Protein chains: 2
Amino acid sequence: MSPKITTELLKKLRQVMKSPKYVEEPVQAYIVPSGDAHQSEYIAPCDCRRAFISGFDGSAGTAIVTEQHAAMWTDGRYFLQAAHQMDNNWTLMKMGLKDTPTQEDWLVSVLPEGSKVGVDPFIIPADQWKRMSKALRSSGHDLVPVKENLIDTIWTDCPQRPCKPLITLDLSYTGVSWRDKIIALRSKMAERKVLWFVVTALDEVAWLFNLRGSDVEYNPVFFAYAVIGMNTIRLFIDGDRMMDPAVREHLQLDSIVEPEFKIQVMPYGSILAELQAVGAGLSPKEKVWLSDKASYALTEAIPKAYRYLTPYTPICIAKAVKNTSETEGMRRAHIKDAVALCELFNWLEKEVPKGTVTEIIAADKAEEFRSQQKDFVELSFATISSTGPNGAIIHYKPVPETNRTLSVNEIYLLDSGAQYKDGTTDVTRTMHFGTPSAYEKECFTYVLKGHIAVSAAIFPNGTKGHLLDSFARSALWDCGLDYLHGTGHGVGSFLNVHEGPCGISYKTFADEPLEAGMIVSDEPGYYEDGSFGIRIENVVLVIPAETKYNFKNRGSLTFEPLTLVPIQTKMIDVNLLTQKECNWVNDYHQKCREVIGAELERQGRHEALQWLIRETEPLIRVQ
Amino acid sequence: MSPKITTELLKKLRQVMKSPKYVEEPVQAYIVPSGDAHQSEYIAPCDCRRAFISGFDGSAGTAIVTEQHAAMWTDGRYFLQAAHQMDNNWTLMKMGLKDTPTQEDWLVSVLPEGSKVGVDPFIIPADQWKRMSKALRSSGHDLVPVKENLIDTIWTDCPQRPCKPLITLDLSYTGVSWRDKIIALRSKMAERKVLWFVVTALDEVAWLFNLRGSDVEYNPVFFAYAVIGMNTIRLFIDGDRMMDPAVREHLQLDSIVEPEFKIQVMPYGSILAELQAVGAGLSPKEKVWLSDKASYALTEAIPKAYRYLTPYTPICIAKAVKNTSETEGMRRAHIKDAVALCELFNWLEKEVPKGTVTEIIAADKAEEFRSQQKDFVELSFATISSTGPNGAIIHYKPVPETNRTLSVNEIYLLDSGAQYKDGTTDVTRTMHFGTPSAYEKECFTYVLKGHIAVSAAIFPNGTKGHLLDSFARSALWDCGLDYLHGTGHGVGSFLNVHEGPCGISYKTFADEPLEAGMIVSDEPGYYEDGSFGIRIENVVLVIPAETKYNFKNRGSLTFEPLTLVPIQTKMIDVNLLTQKECNWVNDYHQKCREVIGAELERQGRHEALQWLIRETEPLIRVQ
């Protein structure tokens, strides 16, 4: 990896920072955040502005360019990568280290008095703007919105914004029509006494209209906004994709419908002007509901007194609770995914000893097996295929420079998933194709105990996921071990593989209580730098639990694994398991054998079926 | 309980709310919060203004009086009590219920346009002022500080502010001199670049100067403030108690000392003027450090640009980590406390079957046995002595109207503690003096499993207490049970029985990470309304743990029980315990027998010793 030479680019950027053509007044600093206008986790190539100006293309980072300096803030996952990808024009600001200044403190330390700091108001979330603006103002500077994105003005070969065809999802997939979703949303709006709701997150637009796209890799979403009134629906979307007869019919664009369900299609770029018009027309006590993560530009379009901001939108919360059609779809998707992985692991078991399988080949093979399954659309994230020391890099993705050959001497970790039209998968298995050491087995077994502790946990209705995080760590903690990531995240239904508002993490974040129908991952791990990585991940569905008693009639919940892929028994030190844990593994494997076995049989995949049967032999615990 | 008749009082209050003698402009509403000027949990009789005006004397509640209305906000613990104690002039606002308005919303709904809402700026914490003021302003009203407390103007027989003698603590108790505490504080101030630190919490003043008082029941504190500069120490305190030669010598008031350790003693009431003088004399970049819970009056004395506010002060954090002298003192205090409880339980075992022991008699007897111990000062909180259904009332305190007789047919719960000159105790034991039912034993055993899960937990250095809360609930959750309070709180060293900044609770609060030397309680429970209450509480010390491995060299922690009082084995269903839990109970009882047995022997308390030996017989688990 050689660094990107940015001297000329920075020179150009500094010119436009002073050019009256682009800025009302010169700005002494310009902030280039990571995100897009929808605060997406995964972004399209045209939105990779920070990577363009700096060369650093990790998933998280903020660049700030002043007349004299260029600095990049990123976190521990990316210190090495950023240092390799950026040239000497850049200073790396290592977030999380004690001596690293915050962006605000650094700006205050380098800027001349009374400076203006520019940022694209469409990219910066309103809550970040507020914090940054306050800090700068208290030191005599100003944060100013720069309407035209200054990176775009110098990015001559910037790719087009994607505008790919849409997929319509019928009731058999979604369980609820977009019309009924609008009705439910309007009832939430009425409860909170708001007249308008602005949909800014791409997965929320997709979910609301039962549409999917492919504008962003791995996430089946499309660039759009929506503004829902009590009697109006406005969808802001570009391209001839709205000419597709299937889409027109799905949205009833050419039908006679009640006025309150008539969708007005408008250009993507007209959202700001339309929202400003809404804002200008409000009477006292009329409110507009936005996510507090919406962009500063859209938030400012509504006068402050009329804004109703919440961390989670009613769509985000409704989307998280899957209905029967969605959970059935997720079940089907996970069965197909398990078939593909049984094929893969059977193949790996034969091929790895030959010494010809690299991490990239294994990842490609996994994709090949998945793509043979019905309704396969694409992967749900970049496959983490890692062996030996690469397994300890939590967000590893094999590239030719790091590509390692799988062997019978090293642990192999595969974290992968796919988008099927009926559901999204995300599964991690850790395997050994030779003989694992006692220490590797010991660590694997602690991780497994943590996985089981979460999966089998029973907890009251209304419990927040973060209260379960320590269950996943307890066995590791007992031996002085731990892992430095959360235990689980929400999973979309043929949508983003990471979604809010629930999760299982030690980090205190405003998670919503778990309820039946929510779907999260359960993925504890253990990582030894330079040696190996272990992670065991299932996607699990929150279901009601039967309990002996029922305190205050609250009811209880537990999890049902949707992922049904054998956990390699060779890696388990069975004497470290309690009888209860041993039974959990055996019951789980029995279910894998029954459900996936039947599907392998149906698909005529006899060799993989034999593998499954071998891998699901019951554990026997010596007392 | 008959309600207090408040018609005349409210009339008088409404008069002074309009009287130019007391208010610059008439106020249309007056807020009477619970607290004192130091945001204390326990308050002196002269500060019980809300109880005086309303009759309601629970520990939490806020009264608001307008020209037409009088309303009281309190939480679920006090709905019944408040309803009984208040007359028809008052509306009870049940906090936590869906339809109960917030104080702000209610004020907005009842006030005429452009109203002024008054409050004593010394009583309201700055963060509450900010929230309330913002909400009122956005509806066209104003929150205004009323310098003279309006309740005090009509409270003709208001008790004097207590001004009791001080106790000096020498190095053998405190481990660190007040001089060294000042040095450490100044070094924290230098780190944060602040020039002044304002000590507002009573326990922080007491801890800093190694002094104790008895101005407030149960909490060995005294009314005082302190302002620490880099070269000055100002102590604001009233009364002739500063004439005490022991105090004068302890504080070196008459000695020749370096100027930076010279304590200037000033009147308690002069704090505001002195702080305003400090505020007026600041140059740019000079900061004053205050708790964000300090009163609005003191916070406002420092211009906003010069304030440095934190949720926990460096004194609060330093105070929480006990040094060797303090932990040794806490150990001694807990040994004495255990001796008293062995005596009590032995006595109860003989007396309860006679049917002559009431909850109040049992509580008094507990105090009697404690008061026989060396360096006993007072109780550390009002004893919760409750039998049968009273045990299910979590904050129960027996009074003649509720006083129940202990019997061989009901569970008895005793939550009690004391202040000794060497430490503070807080212990709960749940006993049966007859034959408990299988169901009672089952519930007790789940609570015990939770107690052990926390007490025996091993966790990494830097872990926050709230991450351990679910361990205490897991066994209850498995059966659909739970308890509706946190699992533990910080405990002071001959100081407040509840102290920050750490604790063990499901409630997300900004707790500081646990570290070796911190002391918290471990007190899960189970309560069945109308039937019984179970709680098992030990005070535990955070200590380093030995582990097999040591991930990232972080080190591990665990707990050592300081409380050494037998847990009634009669209440345990031993078949519900794992072998590990069974061993924990046996090891714990072995330690009780050794340590407390030796002290009972030394004190010649032979009958209690025999009781202890009987009660600490090892459990045997049938496989």
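Worth a mention:
- When the range B:270-295 is filtered for residues that are closer than 13 Å to B:Thr200 by Cα and surrounded by fewer than 18 Cβ atoms within 10 Å (Cβ to Cβ), only B:Asp292 remains.
- Number of the condition not met by B:Leu290 [criteria: (1) in a strand (DSSP E or B); (2) in contact with an Asp or Glu (Cβ under 6 Å, 6 or more places away or on another chain)]: (2)
- Qualifying positions in the range B:509-524 - surrounded by fewer than 19 Cβ atoms within 10 Å (Cβ to Cβ), part of a loop (DSSP other than H, G, I, E, B) and within 12 Å of chain A (Cβ to nearest Cβ): B:Phe509, B:Ala510
- Of all the residues in the range A:294-311, those that are of a type outside the set (Phe, Trp, Tyr) and in a helix (DSSP H, G or I) number 7.
- Count of residues meeting criterion [open to solvent by 40 Å² or more (accessible area, probe 1.4 Å) and either in a strand (DSSP E or B) or within 18 Å of A:Ser325 (Cβ to Cβ) (or both)] in the range A:174-188: 5
- Of the residues A:Ala126, A:Ala83, the single one that is surrounded by fewer than 17 Cβ atoms within 10 Å (Cβ to Cβ) and touching a Leu at 6+ places or on another chain (Cβ under 9 Å) is A:Ala83.
- Considering the conditions (1) hydrophobic (A, V, I, L, M, F, W, C); (2) surrounded by 14 or more Cβ atoms within 10 Å (Cβ to Cβ); (3) at pLDDT 95 or above, A:Leu171 is excluded by exactly one of them, (2).
- Residues located in the range A:217-233, provided they are over 24 Å from A:Ile43 (Cα atoms) and open to solvent by less than 40 Å² (accessible area, probe 1.4 Å): A:Ile228, A:Gly229, A:Thr232, A:Ile233
- Checking each residue in the range A:483-492 for being open to solvent by less than 10 Å² (accessible area, probe 1.4 Å) and facing chain B (nearest Cβ under 9 Å) picks out only A:Tyr483.
- Qualifying residue in the range A:76-91 (condition: closer than 29 Å to B:Pro284 by Cβ, touching a strand residue (DSSP E or B) at 6+ places or on another chain (Cβ under 7 Å) and not hydroxyl-bearing (Ser, Thr, Tyr)): no
- Test: residue in the range B:195-214 that is outside any strand (DSSP E or B), over 21 Å from B:Gly35 (Cβ atoms) and over 26 Å from the mean Cα position of the chain (by Cα): yes
- Selection from the range A:468-480 of residues that are within 8 Å of chain B (Cβ to nearest Cβ) and either small (Gly, Ala, Ser) or closer than 13 Å to A:Val520 by Cβ (or both): A:Leu468, A:Asp469, A:Ser470, A:Ser474, A:Gly480
- Among the residues of the range B:548-579, those that are more than 33 Å from the chain's Cα centre (by Cα) and either part of a helix (DSSP H, G or I) or modelled with pLDDT under 95 (or both) comprise B:Phe551, B:Lys552, B:Asn553, B:Val574, B:Asn575, B:Leu576, B:Gln579.
- Test: A:Asp75 is surrounded by fewer than 21 Cβ atoms within 10 Å (Cβ to Cβ), under 23 Å from A:Arg14 (Cβ atoms), charged (D, E, K, R) and outside the structural domain of A:Pro311 (by the TED database): no
- Only a single criterion out of (1) outside any helix (DSSP H, G or I); (2) within 25 Å of B:Asp180 (Cα to Cα); (3) in contact with a Pro (Cβ under 7 Å, 6 or more places away or on another chain); (4) charged (D, E, K, R) is not satisfied by B:Arg234, namely (3).
- Residue within the range B:191-200 that is farther than 20 Å from B:Ala301 by Cα and touching a residue at least 40 places away in the same chain (Cβ under 8 Å) present: yes
- Checking the stated criteria, B:Ala246 turns out to be open to solvent by 10 Å² or more (accessible area, probe 1.4 Å), closer than 19 Å to B:Ala206 by Cβ and either more than 24 Å from the chain's Cα centre (by Cα) or not assigned by the TED database to the domain that holds B:Pro145 (or both).
- Given (1) open to solvent by less than 40 Å² (accessible area, probe 1.4 Å); (2) within 14 Å of chain A (Cβ to nearest Cβ); (3) in contact with a helix residue (DSSP H, G or I) (Cβ under 7 Å, 6 or more places away or on another chain), index of the condition B:Cys443 fails: (3)
- Scanning the range B:534-553 for residues being touching a residue at least 12 places away in the same chain (Cβ under 8 Å), more than 8 Å from every other protein chain (Cβ to nearest Cβ) and not hydrophobic (A, V, I, L, M, F, W, C) gives a total of 4.
- For the range B:453-467, taking the residues that are open to solvent by less than 10 Å² (accessible area, probe 1.4 Å) and more than 10 Å from every other protein chain (Cβ to nearest Cβ), the one that is nearest to A:Ile452 (Cα to Cα) is identified as B:Val454.
- Pick from the range A:554-587, criterion over 28 Å from A:Asn346 (Cβ atoms) and of a type in the set (D, E, K, R), ranking: farthest from the other protein chains (Cβ to nearest Cβ): A:Lys580
- A:Phe52 fulfils the conditions (1) out of contact with any strand residue (DSSP E or B) (no Cβ under 8 Å at 6 or more places or on another chain); (2) buried (at least 19 other Cβ atoms within 10 Å of the Cβ); (3) farther than 19 Å from A:Lys4 by Cβ except for a single criterion, (3).
- Among the residues of the range A:374-426, the one identified as open to solvent by less than 10 Å² (accessible area, probe 1.4 Å), of a type in the set (A, V, I, L, M) and farther than 18 Å from A:Phe532 by Cα is A:Ala418.
- Criterion (within 10 Å of another protein chain (Cβ to nearest Cβ), within 23 Å of B:Arg77 (Cβ to Cβ) and assigned to a strand (DSSP E or B)) met by exactly one of B:Tyr506, B:Tyr527: B:Tyr527
- Some residue of the range B:598-620 being away from every other protein chain (no Cβ under 14 Å), open to solvent by less than 10 Å² (accessible area, probe 1.4 Å) and assigned to a loop (DSSP other than H, G, I, E, B): yes
- Looking only at residues in the range A:1-36 that are within 21 Å of A:Val108 (Cα to Cα) and touching a His at 6+ places or on another chain (Cβ under 9 Å), the one that is most open to solvent (accessible area, probe 1.4 Å) is A:Gln28.
- Summed over the range A:353-373, residues that are part of a loop (DSSP other than H, G, I, E, B) and either over 24 Å from A:Lys164 (Cβ atoms) or open to solvent by less than 50 Å² (accessible area, probe 1.4 Å) (or both) total 4.
- Scanning the range B:550-584 for residues that are open to solvent by less than 40 Å² (accessible area, probe 1.4 Å), of a type in the set (A, V, I, L, M, F, W, C) and over 17 Å from B:Glu523 (Cα atoms) gives B:Phe551, B:Leu557, B:Val574, B:Leu577, B:Cys582.
The values are calculated or read from the model by the stated rules, or taken from the named source; none is laboratory data. What you are looking at is a predicted structure, and each value in this text was computed from that prediction instead of being measured. Heads up, the Cβs are rebuilt from the backbone with ideal geometry, glycines too, and the neighbour counts pull from every protein chain shown. Surface accessibility is based on the protein's heavy atoms, side chains included, excluding ligands, DNA and RNA. Shrake-Rupley method; radii C 1.70, N 1.55, O 1.52, S 1.80 Å.
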